[in-house]
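S.K.: Take a look at the following structure, please.
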Amino acid sequence: MKQAVVVFSGGQDSTTCLIQALQQYDQVHCVTFDYGQRHREEIEVAAQLAHKLGACAHKVLDVTLLNELAVSSLTRDNIPVPTYDPDASGLPSTFVPGRNILFLTLASIYAYQVEAEAVITGVCETDFSGYPDCRDEFVKALNNAVSLGMARNIRFETPLMWLNKAETWALADYWQQLPLVRAETLTCYNGVKGDGCGECAACHLRARGLADYQANTSAVMAAMKQKSGLN
């Protein structure tokens, strides 16, 4: 039996990864992390989506220790979430140091226990906010360390790594779930489900990707299929 663990936030990216994983694996487990995040609504959204889409299990892990250590506008109410700024440079205040290191490591421990062969994460290097822990180089390095440390080949899969946001929308559409992803996921840094607040960087990236896909559907779909190896 083929099993996978999806690092699942209930956002556009991880939900698209879950939708695809359910087509490719016999059983899919979802792991959501409670790190005291500002947009805590995502935990409930993740639970609802995991159930609705048919994951075999959904585990919420308490990692609020991260909130104590990692200073970010996503972990501190007194640091404002930045609005979209095309001229911004450097790491944004929404970067949570060590988050993906912790999440992927814990998801791997869970995968070890349930005998899953893969851990799937929706990180992306093509359209991202400059987060260093979303890079392909980082994921491969941590994957190697985890496999060595557990003496088991747990494979990290990053289906969105080389897709831009328009192509991520195309992937959801390929699996006939674009309406669900648009209406029921929570990507917004301010905790607004669906199309979000329309002001934060996450909402801007999501909306721009959707507009690009809707304006160039055939071309974007073709590009996504080529990058993803889908027919």
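The values are calculated or read from the model by the stated rules, or taken from the named source; none is laboratory data. Computed from a predicted structure; not experimentally measured. Protein only, heavy atoms only, side chains kept; ligands, DNA and RNA dropped before computing areas. Shrake-Rupley method; radii C 1.70, N 1.55, O 1.52, S 1.80 Å.
S.K.: What residues qualify as long-range amide H neighbours of Val119, i.e. H under 5 Å apart, gap of 5 or more or another chain, H built at 1.01 Å from N?
M.R.: Sorted by chain and number, the residues that satisfy this are Val5, Arg155, Phe156, Glu157.
S.K.: Leaving out ligands, DNA and RNA, what percent of the accessible area of the chain is carbon and sulfur, probe 1.4 Å?
M.R.: Solvent-exposed carbon and sulfur of the chain make up 49 percent of the total.
S.K.: Using a Gaussian network model of the chain whose springs link C-alpha atoms within less than 10 Å, name the residue from Asn190, Asn216, Asn164 with the highest mean-square fluctuation.
M.R.: Asn216
S.K.: Something else now. Exceeding 29 Å between C-alpha atoms, which entries from my cross-link table qualify? They are Lys2/Lys59; Lys52/Lys165; Lys2/Lys193.
M.R.: Over 29 Å Cα-Cα: Lys2/Lys193.
S.K.: Can you tell me how much longer the chain between Glu41 and Glu137 gets when fully stretched, taken as 0.36 nm per residue apart minus their C-alpha distance, in nm with one decimal?
M.R.: 31.5 nm
S.K.: Can I ask one more? Express in nm, to one decimal, how much length is gained between Met1 and Arg182 on full extension, taking 0.36 nm for each residue of separation and deducting their alpha carbon distance.
M.R.: Values: separation 181, 0.36 × 181 = 65.16 nm, distance 3.14 nm.
Using 0.36 nm per residue and subtracting the Cα-Cα distance, I get 62.0 nm.
S.K.: Quote the accessible area belonging to Leu142 in square angstrom, nearest 10, computed with a 1.4 Å probe and with ligands, DNA and RNA left uncounted.
M.R.: 30 Å²
S.K.: Where only protein heavy atoms count, and the probe is 1.4 Å, what is the accessible area per residue for region 71-216 in Å²?
M.R.: 47 Å²
S.K.: Taking square-rooted eigenvalues a ≥ b ≥ c of the alpha carbon gyration tensor, is the chain rounded, prolate or oblate, where a/c under 1.5 means rounded and, failing that, a/b exceeding b/c means prolate?
M.R.: rounded
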